[in-house]
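Peer 1: Handing you this structure, nothing more for now.
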Amino acid sequence: MNQIRIAVIGGGNMASALVKGLAGNVTAASNIWVVDVNPAALQVLAAQFGVKTGSDIAAAIQGADVILLAVKPQHMDQVLQEIAPGLAGQLVISLAAGLQTRQLSSGLRGHSAIVRAMPNTPALIGRGMTGLFAMAGVTPQQRELVSAMLSAVGKILWFDEEGMLDAVTGVSGSGPAYVFQFIEALQKAAQEVGISAADARVLAIETVAGAAQLAATSEEPVQVLRERVTSKGGTTFAGLTSLGNDGFDNVVANAVKAAVARSRELGAQ
């Protein structure tokens, strides 16, 4: 069992997902210390995973090999101020959307062993997708450690340009919400054509889940999978034609671009 010591600052949903994946897999639960201002959240984490918990950031980072920042962007400045005096070469991983590594480094008095990560909520069930970028101060060994940590909750992709993480935010970071809204719309449409609410929910969720799993496990391009369902002049062809006429592709593209723009705005602020 790896004995890497990890300080997790923040005890929200994403932190919980990562703790679940890390404890007992990447390191022993007793090597993970979670800090949060919410005692109830800490109590749940301690009970579920057997990790250490508390409200003292300075105590948590002392002796830690990795500091995982899982707080909202608007709270980051204060957290960085509390962390900076106790830094001693630790690897810092930030999950905050939009905040660039140069901003984090500035708040940490020039510290450069920083990785920026953009995970998404399916990490809660071990099916996350995380985009990663490392500053020059991150060693190859630390990079391997980050890969192991984030792979514990899903798949990862490393990027050489930090700006690509804004694009990742717009696609996979915000993407689950687009999918959830599509499921809502499909469920509502099912009810409008006479299917009960309960049955509509099952039909919508299982259709999306099954299609996604087929795409994930097939070696065929998604376009080919779509074409195989679509017979010229058939029911699916009629439905896809309607989607095209309503600008479905543009709607999705505009949603992604809006999220990317917002991520860049957050960084600029």
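The values are calculated or read from the model by the stated rules, or taken from the named source; none is laboratory data. From a predicted model like this one, the values you see are computed outputs, not experimental measurements. Cβ atoms come from the backbone with ideal geometry, glycine included; neighbour counts cover every protein chain shown.
Peer 1: Starting from the stretch 203-216, take each residue that is without any contact (Cβ under 8 Å) to a residue 40 or more places away in the chain and list its partners that are surrounded by 12 or more Cβ atoms within 10 Å (Cβ to Cβ) and not in a helix (DSSP H, G or I), counting only C-beta distances under 8 angstrom and pairs at least six apart or across chains.
Peer 2: Every condition considered, the pairs that remain are LEU203/ILE195.
Peer 1: If you don't mind, there's one more thing I want to ask. Taking the conditions exactly as written (more than 30 Å from GLN100 (Cα to Cα), among the β-branched types (Val, Ile, Thr) and out of contact with any helix residue (DSSP H, G or I) (no Cβ under 9 Å at 6 or more places or on another chain)), does THR241 satisfy them or not? Quick ask: steps written out before the conclusion?
Peer 2: Numbers: more than 30 Å from GLN100 (Cα to Cα): yes; among the β-branched types (Val, Ile, Thr): yes; out of contact with any helix residue (DSSP H, G or I) (no Cβ under 9 Å at 6 or more places or on another chain): yes.
For THR241, the condition - more than 30 Å from GLN100 (Cα to Cα), among the β-branched types (Val, Ile, Thr) and out of contact with any helix residue (DSSP H, G or I) (no Cβ under 9 Å at 6 or more places or on another chain) - is met.
Peer 1: Separate question: For the stretch 230-261, what are the residues that are modelled with pLDDT under 95 and within 22 Å of SER172 (Cβ to Cβ)?
Peer 2: Of everything in the stretch 230-261, those that are modelled with pLDDT under 95 and within 22 Å of SER172 (Cβ to Cβ) turn out to be ALA259, VAL260, ALA261.
Peer 1: Out of curiosity, is GLN78 in contact with an Asp or Glu (Cβ under 7 Å, 6 or more places away or on another chain), modelled with pLDDT under 95 and on the phi < 0 side of the Ramachandran plot? Outline the logic, then answer.
Peer 2: Numbers: in contact with an Asp or Glu (Cβ under 7 Å, 6 or more places away or on another chain): no; modelled with pLDDT under 95: yes; on the phi < 0 side of the Ramachandran plot: yes.
No: the conditions fail for GLN78.
Peer 1: Those residues that are charged (D, E, K, R) and closer than 23 Å to LEU145 by Cα, I need them from the stretch 55-100; list them, please.
Peer 2: ASP65
Peer 1: Within the stretch 101-115, how many residues are in contact (Cβ under 8 Å) with a residue 40 or more places away in the chain and touching a Lys or Arg at 6+ places or on another chain (Cβ under 9 Å)? Please lay out each step first, then the result.
Peer 2: Filtering the stretch 101-115 down to residues in contact (Cβ under 8 Å) with a residue 40 or more places away in the chain leaves 101, 103.
Checking the rest, the ones that are also touching a Lys or Arg at 6+ places or on another chain (Cβ under 9 Å) come to 101.
Looking only at that region, the number is 1.
Peer 1: For the structure I just gave you, tell me whether VAL153 is modelled with pLDDT under 95, under 23 Å from LEU45 (Cα atoms), buried (at least 19 other Cβ atoms within 10 Å of the Cβ) and β-branched (Val, Ile, Thr).
Peer 2: yes
Peer 1: Looking at the stretch 65-87, which of the residues that are touching a Gly at 6+ places or on another chain (Cβ under 9 Å) and part of a loop (DSSP other than H, G, I, E, B) is surrounded by the fewest Cβ atoms within 10 Å (Cβ to Cβ)?
Peer 2: LYS72
Peer 1: Report those helices (runs of 4 or more DSSP H) wholly inside the stretch 97-196 carrying at least 3 residues which are under 30 Å from PHE49 (Cα atoms).
Peer 2: On the way: elements: 101-107, 140-151, 164-168, 175-192.
Those helices (runs of 4 or more DSSP H) span 140-151, 175-192.
Peer 1: Of the residues that sit in the stretch 139-167 and are of a type in the set (Val, Ile, Thr) and touching a strand residue (DSSP E or B) at 6+ places or on another chain (Cβ under 6 Å), which one is nearest to ASN25 (Cα to Cα)?
Peer 2: Here is the first cut: in the stretch 139-167, the ones of a type in the set (Val, Ile, Thr) are 139, 146, 153, 156.
From what's left, touching a strand residue (DSSP E or B) at 6+ places or on another chain (Cβ under 6 Å): 146, 153, 156.
Values: VAL146: 13, VAL153: 10, ILE156: 17 Å.
Per the criteria, the residue is VAL153.
Peer 1: Restricting attention to the stretch 153-200, and to residues there that are of a type in the set (Asp, Glu) and in contact with a Ser or Thr (Cβ under 9 Å, 6 or more places away or on another chain), which single residue is nearest to GLY98 (Cα to Cα)?
Peer 2: First pass over the stretch 153-200, keeping only residues of a type in the set (Asp, Glu): 160-162, 166, 184, 192, 199.
Those left that are additionally in contact with a Ser or Thr (Cβ under 9 Å, 6 or more places away or on another chain): 162, 166.
Numbers: GLU162: 10, ASP166: 7 Å.
If we take residues in the stretch 153-200 being of a type in the set (Asp, Glu) and in contact with a Ser or Thr (Cβ under 9 Å, 6 or more places away or on another chain), then ASP166 is nearest to GLY98 (Cα to Cα).
Peer 1: Scan the stretch 33-53 and tell me whether some residue there is part of a loop (DSSP other than H, G, I, E, B), surrounded by 14 or more Cβ atoms within 10 Å (Cβ to Cβ) and among the charged types (D, E, K, R).
Peer 2: Yes, the stretch 33-53 contains at least one residue that is part of a loop (DSSP other than H, G, I, E, B), surrounded by 14 or more Cβ atoms within 10 Å (Cβ to Cβ) and among the charged types (D, E, K, R).
Peer 1: Let me ask you something else. For the stretch 1-19, how many residues are buried (at least 18 other Cβ atoms within 10 Å of the Cβ) and assigned to a loop (DSSP other than H, G, I, E, B)? Show your work before the answer.
Peer 2: Let us first name the residues in the stretch 1-19 that are buried (at least 18 other Cβ atoms within 10 Å of the Cβ), namely 4-11, 14-19.
Adding the requirement that they be assigned to a loop (DSSP other than H, G, I, E, B) leaves 4-5, 10-11.
Count: 4.
Peer 1: Oh, and also: Going through the stretch 56-100 one residue at a time, which ones are hydrophobic (A, V, I, L, M, F, W, C), without any contact (Cβ under 8 Å) to a residue 40 or more places away in the chain and farther than 16 Å from ASP36 by Cα? Give the derivation first.
Peer 2: Let us first name the residues in the stretch 56-100 that are hydrophobic (A, V, I, L, M, F, W, C), namely 57-61, 64, 66-71, 76, 79-80, 83-84, 87-88, 91-93, 95-97, 99.
Narrowing further to those that are without any contact (Cβ under 8 Å) to a residue 40 or more places away in the chain: 58-59, 76, 80, 84, 87-88, 92, 96.
Listed by number, the residues that qualify are ALA84, LEU87, ALA88, VAL92.
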